[in-house]
Amino acid sequence: MKLKLALATACVLGATGLANAQDPNLARNLAATCANCHGTNGKSVGGMDSLAGEPRDKLLQKMMDFKSGDKPATIMHQISKGYSDEQLALIADYFAAQK
């Protein structure tokens, strides 16, 4: 019975995003997927925009525009659709905090 309760609680927490909020490295881990094109920690070595230190709202708006299709892209529209709005906000927060 306790196991069933624990599993149900984990499912509810996961569904509400609270489980993710407890992972202090979640934003960094999500942002790591951007490194192939935008450089480690968002510091591009050329060819793509650097994301590090950009304003959070600007980054988030761009990602949301890619996700909605309002901003044309070759690959970003596909990548951004793989994230929830909450995850995109975490990614924007992470890059905005980089120097």
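The values are calculated or read from the model by the stated rules, or taken from the named source; none is laboratory data. As the structure is a prediction and not an experimental result, all values here were calculated from the model. Methodologically, a virtual Cβ is constructed for each residue, glycine included, from the backbone with ideal geometry; neighbour enumeration extends over all protein chains shown.
Key figures
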read-out: Of all residues making up region 86-99, the number that are over 8 Å from the mean Cα position of the chain (by Cα) and part of a helix (DSSP H, G or I); value: 5
read-out: Within region 59-76, tally of residues that are outside any helix (DSSP H, G or I) and of a type in the set (Asp, Glu); value: 1
read-out: Those residues of region 22-58 which are among the basic types (Lys, Arg) and assigned to a loop (DSSP other than H, G, I, E, B), in sequence order; value: 43
read-out: Cβ pairs under 9 Å, 6+ apart, first in region 63-79 and touching a residue at least 24 places away in the same chain (Cβ under 8 Å) and under 14 Å from residue 34 (Cβ atoms), second exposed (fewer than 14 other Cβ atoms within 10 Å of the Cβ) and among the hydroxyl-bearing types (Ser, Thr, Tyr); value: 79/33
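The rows are residues; the columns are (1) at positive phi; (2) loosely packed, with under 14 Cβ neighbours inside 10 Å; (3) at pLDDT 95 or above; (4) within 15 Å of the chain's Cα centre (by Cα).
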| site | (1), (2), (3), (4) |
| --- | --- |
| 9 | no, yes, no, no |
| 14 | no, yes, no, no |
| 18 | no, yes, no, no |
| 21 | no, yes, no, yes |
| 32 | no, no, yes, yes |
| 36 | no, yes, no, yes |
| 52 | no, no, yes, yes |
| 65 | no, no, yes, yes |
